[in-house]
Amino acid sequence: MTVTKYSANGNDFILFIAQEHEDRSELAKKLCHRQNGVGADGMVVLLPHKRYDFEWEFYNSDGSKAAMCGNASRAVAHFAHEKGICKEGKAEFLTGAGVIRATINGVYVVSDMVAPKILHKEIEEEGERWWLIDSGVPHLVAIRENIDTFDLVQARKLREKYNANVNICTLKEEALYVRTYERGVEDETLACGTGMVACYIRLHQEKKVSGQIKVHPKSGDELYVSEESGIYRFGGKVTKTFIAETLI
């Protein structure tokens, strides 16, 4: 089979087109394996849909399914545009979290994210206040003065306790900096789109940011998140890394 590898600011994905739904959990684990497979944080399968340009199946690297992934939404939109599945620089597709609309301008892709849900504002853990926000998938968010250190042991415990991704973020020089521990990958990743959006949502709700803001994940890349009339948008560059034939 032929697969295409994309990187969205350090968050990497294996993409391919299929015609029917099936359980591809084992395939995802094999293809996403860093040593014995292609290597990726996740795998996305594009499938035909009667109403939208396509729908997707999204798998984490451990074979588990996820409803939504912000960085993958941008990579997939670019891939679908190149393949002629969507046209005129617009993509509309169905995810487990709902319909995503994206705009493609060269390698720059902007996704309209699904409507967020603030699930809990008063989670106390080790003297720190966390918010639990569903921005397509659930995220715990803590605001700190400094995020140079990220306790992954604590993050793993919180991920297991709340079945959510875990984010720490800080505002510095009018930009938002975010680090994320992702479930399904079970480690810190270089970027997480829904995590960056979740952090922005908390700061926006607490009136610490407004309008559009630059966001930097661990990869150091520059993206942006914005809110207008209740719609949250997430934009940045994507990179098609390579096309590969695999015997897996």
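At a glance:
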item	result
Those residues of segment 37-65 which are among the small types (Gly, Ala, Ser) and surrounded by 22 or more Cβ atoms within 10 Å (Cβ to Cβ), in sequence order	Ala40, Gly42, Ser61
Tabulated pairs, segment 210-221, first among the acidic types (Asp, Glu), second surrounded by fewer than 19 Cβ atoms within 10 Å (Cβ to Cβ) and in a loop (DSSP other than H, G, I, E, B), C-beta under 9 angstrom, 6+ apart or interchain	Asp221/Gly10
Count of residues meeting criterion [without any contact (Cβ under 8 Å) to a residue 24 or more places away in the chain and within 21 Å of Glu182 (Cβ to Cβ)] in segment 1-35	2
From the options Glu92, Glu82, residue that is within 20 Å of the chain's Cα centre (by Cα), under 30 Å from Phe242 (Cα atoms), surrounded by fewer than 22 Cβ atoms within 10 Å (Cβ to Cβ) and outside the structural domain of Met196 (by TED's automatic domain parsing)	Glu92
Residue in segment 142-162 that is within 30 Å of Ala91 (Cα to Cα), surrounded by 19 or more Cβ atoms within 10 Å (Cβ to Cβ) and in the same structural domain as Ile201 (by TED's automatic domain parsing) present	no
Single residue of segment 112-135 satisfying the filter (buried (at least 19 other Cβ atoms within 10 Å of the Cβ) and at pLDDT below 95) that is farthest from Arg233 (Cα to Cα)	Pro116
Some residue of segment 132-143 being over 14 Å from the mean Cα position of the chain (by Cα) and outside any strand (DSSP E or B)	no
Among (1) surrounded by fewer than 22 Cβ atoms within 10 Å (Cβ to Cβ); (2) closer than 25 Å to Val215 by Cα; (3) touching a residue at least 24 places away in the same chain (Cβ under 8 Å); (4) touching a helix residue (DSSP H, G or I) at 6+ places or on another chain (Cβ under 9 Å) - the single one Val99 does not satisfy	(4)
Segment 80-92 residues that are under 16 Å from Ala18 (Cβ atoms), paired with ones that are at pLDDT 95 or above and in a loop (DSSP other than H, G, I, E, B) (beta carbon under 7 Å, 6 or more apart)	Ala80/Asp53; Ala80/Cys86; Ile85/Asp53
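Conditions tested, residue by residue: (1) touching a residue at least 60 places away in the same chain (Cβ under 8 Å); (2) of a type in the set (Ser, Thr, Tyr); (3) closer than 23 Å to Lys207 by Cα; (4) out of contact with any Pro (no Cβ under 6 Å at 6 or more places or on another chain).
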{"site": "Cys69", "(1), (2), (3), (4)": "yes, no, no, yes"}
{"site": "Lys117", "(1), (2), (3), (4)": "no, no, yes, yes"}
{"site": "Glu122", "(1), (2), (3), (4)": "no, no, yes, yes"}
{"site": "Trp131", "(1), (2), (3), (4)": "yes, no, yes, yes"}
{"site": "Ala142", "(1), (2), (3), (4)": "no, no, yes, yes"}
{"site": "Thr149", "(1), (2), (3), (4)": "no, yes, no, yes"}
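The values are calculated or read from the model by the stated rules, or taken from the named source; none is laboratory data. Keep in mind it's a predicted model, so treat the numbers as computed, not measured. Quick reminder, even Gly has a Cβ in these numbers, built from the backbone with ideal geometry, and neighbours come from all protein chains shown.
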